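The values are calculated or read from the model by the stated rules, or taken from the named source; none is laboratory data. As the structure is a computational prediction, the values presented were derived from the model and not from experiment. Note that each Cβ is placed from the backbone with ideal geometry, even for glycine, and that neighbours are counted across all protein chains shown. Note: areas computed on protein heavy atoms with side chains; ligands, DNA, RNA excluded. Shrake-Rupley method; radii C 1.70, N 1.55, O 1.52, S 1.80 Å.
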Amino acid sequence: MASRLVLVVLMFIIPTITARFKDHIVGDEAGWLLGFDYQAWANAKKFHVGDKLVFKYGVGSHNVYKVNGTGFQNCIRPPLSEALTTGNDTVVLATPGRKWYICGVGKHCENGMKFAITVFPLKEKSPSPPTPPLTYGKTFIVGDGAGWKLGFDYQAWAYGKKFQVGDKLVFNYPVGAHNVHKVNGTGFQNCIRPPLSEALTTGSDTVVLATPGRKWYICGVGQHCQNAMKLVITVYPRQKVAAPAPSPPLTYGKEFIVGDEAGWRLGFDYQAWAYGKKFQVGDKLVFKYGVGAHNVFKVNGTQFQGCISPPAKDALSSGYDTIVLATPGNKWYICGVGQHCQNGMKLFLTVMPRKH
């Protein structure tokens, strides 16, 4: 009697557990072949422990190797004895973490027949309601027609654009010529490259902006980052359309002396000064300089990029100019004296809403 009870219980439990696992046909209908973007396919999916990968292909045309990050990056094939070759190979994702797969036939790996995935731990079901799916917004081709390459001003490209949660960045470049690393502020400032295994290398890398805040990206090939192949943006929460509410009174926050002890002058990197600082609505900027030596204009992104000065009557010129950051968003400031702006005397920053 007891053994029959155990059997009945297992009959209910096992299907429930199995139903939580998913079979992923690699490439969907296309299967495992040349000329398909497997990284784009994988980026759109979420893999959990217990899921399976199924590689379908003509026997003898291809094979499957599981490799490490270095083997993936450089298309290093393990011994032939380790290849999967049935034409209907099933790989169970038994542990969480990063996983890499390549085809070891000919130059198939070098021609893009490879992909990397991240396997997440199997989460226990909870009574909490499911998270609503991310609403995808706008797709930004980084650099527009120029793509991701040397000799392009990506910071200027980003000026004036508003990035929101759910938007996508697409980095287009020839495979092998460049790559994309997501880094932190320090890594961005000093061009510190993460491990090669973390690089995006497909030549058409898509990054979904899933969370708000500051985001940094660099190219990790050679000295490309040091030669300005890098991008920093601010991602804003996606706004829901709602009835406008009255604005609360402005609360004044922190006071920033632009340039700190150096003040507002030539020969100082104001963009470097701004990196790492968090500016919020209600904060103040103070520009200190010798009266007559400089001035301050608040401009838009186009004027900032081209060093176009507004009319002289719009200039701040007291030598101790205070600007209250009254609204969130991108802000641009230049010196309109002579060629000072063209010689680097300009500042761009992003003002975040003040959290209560």
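Things to note:
- Cα-projected label distance for Ile308 with Thr95, points at 7 Å along beta-carbon direction, nm: 5.8
- Potential extension, Val170-Val59 segment - 0.36 nm per residue separation minus Cα distance: 36.5 nm
- Overall form of segment 31-121: rounded. Here a/c, set by the Cα gyration tensor axes a ≥ b ≥ c, is under 1.5.
- Net charge of neighbours whose Cβ lies under 15 Å from the Cβ of Ser61, counting Lys and Arg as +1 and Asp and Glu as -1: +1
- Remark: the Thr118-Asp153 segment gains 9.4 nm on full extension, using 0.36 nm per residue and subtracting the alpha carbon distance.
- Positive dipole terminus of segment 208-340, leading residue within Pro311, Cys335, Leu285 (C-beta point charges): Leu285
- Using a Förster distance of 35 Å, the FRET efficiency for Asp260-Thr139 (Cβ separation, nearest 0.05): 0.35
- Rg/Rh for the chain, where both radii come from Cα atoms and Rh is the Kirkwood radius: 1.09
- Surface per residue (accessible, 1.4 Å probe) for the chain, Å²: 54
- Accessible surface of the chain [probe 1.4 Å, protein heavy atoms]: carbon and sulfur percent: 58
- Helix axis angle, 2-18 relative to the chain longest principal axis, alpha carbon, degrees: 40
- Over segment 161-301, relative contact order from alpha-carbon pairs under 8 Å, at least 6 apart, %: 23
- Added length on full extension, which subtracts the Cα-Cα distance from 0.36 nm per residue, Gln226 to Lys107: 39.6 nm
- The modelled label-to-label distance for the pair Val49/Lys162, using points 7 Å beyond Cα in the direction of Cβ, is 4.3 nm.
- Pairwise FRET efficiency - Ile192 versus Val324, Cβ, R0 = 25 Å, nearest 0.05: 0.10
- With DNA, RNA and ligands ignored, accessible area of His178 (1.4 Å probe; Å², nearest 10): 20
- Computed from backbone phi, the HN-Hα couplings of segment 289-296 come to 6, x, 4, x, 7, 9, 7, 9 Hz, rounded to whole numbers (Karplus: 6.51 cos²θ - 1.76 cosθ + 1.60, θ = phi - 60°; Gly and Pro given as x).
- Legend note: in the chain, cysteines whose Cβ sits 4.7 Å or more from every other cysteine Cβ are Cys103, Cys219, Cys335.
- The alpha carbon radius of gyration of segment 153-210, expressed as a multiple of 2.2 N^0.38 Å, is 1.21.
- Using a simple spin-label model with pseudo-atoms 7 Å out from Cα toward Cβ, Thr70 and Ala210 lie 2.9 nm apart.
- Rounded, prolate or oblate (a/c below 1.5 giving rounded, otherwise prolate when a/b exceeds b/c) for segment 246-356 by Cα gyration tensor: prolate
- Distant-in-sequence amide H partners of Val119 (H built 1.01 Å from N, under 5 Å): Gly97, Arg98, Lys99
- Average Cα contact separation per residue, the chain, under 8 Å, 6 or more apart, as relative contact order %: 11
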